[in-house]
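Let me begin by presenting the structure, written as structure tokens, before commenting on it.
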Amino acid sequence: MGWQGVNPATDFRGCGFVSLENLLFFARTYPASFKRLMLKQQGMRTTWEYPFAVAGVNISYMLIQLLELNSVRPKSLPGINFIKVLTEHEDAFDVLYCIAFEMMDAQWLAMRASYMQFKEVLEATRQQLERELSLEDLNGIHDLPACNLLYK
């Protein structure tokens, strides 16, 4: 599944078990998308692909930072908009995680990336998410333009 070592628990040290919850939500809610990404079934792939589960942990961490979820009150527009969305949709963070994973994989393919470029791909994904979460007409999680990636 793409862990860094024999014991997957060590991969959660940077983000806690929220990333495991995100992976489980993705697998249960969007099983076709989850399987397609986990098995790398779409696009031209490189020999050195990103490790799926570890990528998921990194995506969870990136979202927590982007949305300022460790602060009392977000100051950035993406964080403020997300809090509004969260009040309307209790699974918004989990759905956003699934969208972000799809976006990251799309970036990976577009950049024809290899394992050593994972950080660049994740940063490009963060920038795209920041733009989408800054849209003025964002009322719900399904208003994000990249949400359509989940329904392939």
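Give the number of residues within the stretch 46-83 that are part of a helix (DSSP H, G or I), of a type outside the set (Phe, Trp, Tyr) and out of contact with any Asp or Glu (no Cβ under 6 Å at 6 or more places or on another chain).
Counting residues in the stretch 46-83 that are part of a helix (DSSP H, G or I), of a type outside the set (Phe, Trp, Tyr) and out of contact with any Asp or Glu (no Cβ under 6 Å at 6 or more places or on another chain) gives 15.
Suppose we filter the stretch 109-125 for residues that are in contact (Cβ under 8 Å) with a residue 60 or more places away in the chain and either closer than 18 Å to MET38 by Cβ or of a type in the set (Lys, Arg) (or both); how many remain?
Looking only at that region, the number is 8.
Evaluate the following for LEU86: is it without any contact (Cβ under 8 Å) to a residue 40 or more places away in the chain, hydrophobic (A, V, I, L, M, F, W, C), closer than 18 Å to ASN22 by Cα and in contact with a helix residue (DSSP H, G or I) (Cβ under 8 Å, 6 or more places away or on another chain)?
In short, yes.
Please work out if THR125 is over 11 Å from the mean Cα position of the chain (by Cα), among the hydroxyl-bearing types (Ser, Thr, Tyr) and in a helix (DSSP H, G or I).
no
Can you list residue pairs whose Cβ atoms sit under 7 Å apart, with the first residue in the stretch 135-150 being closer than 18 Å to ALA106 by Cβ and the second being among the aromatic types (Phe, Trp, Tyr) and surrounded by 13 or more Cβ atoms within 10 Å (Cβ to Cβ)? Count only pairs 6 or more apart in sequence or on different chains.
So the pair list comes out as LEU150/TYR30.
All but one of (1) surrounded by 13 or more Cβ atoms within 10 Å (Cβ to Cβ); (2) over 20 Å from SER60 (Cβ atoms) hold for ASP91; which doesn't?
Result: ASP91 fails condition (2) only.
Within the group SER60, SER71, which residue is modelled with pLDDT of 95 or more and small (Gly, Ala, Ser)?
After applying the criteria, what remains is SER60.
Only one of (1) part of a loop (DSSP other than H, G, I, E, B); (2) charged (D, E, K, R); (3) closer than 21 Å to TYR115 by Cβ; (4) touching a Ser or Thr at 6+ places or on another chain (Cβ under 7 Å) is not met by GLU102, so which one is it?
All conditions are met except number (1).
The values are calculated or read from the model by the stated rules, or taken from the named source; none is laboratory data. Fair warning: this is a prediction, and the values are worked out from it, not measured in the lab. Don't worry about glycine lacking a Cβ; one is built from the backbone with ideal geometry, like all the others, and counts go over all protein chains shown.
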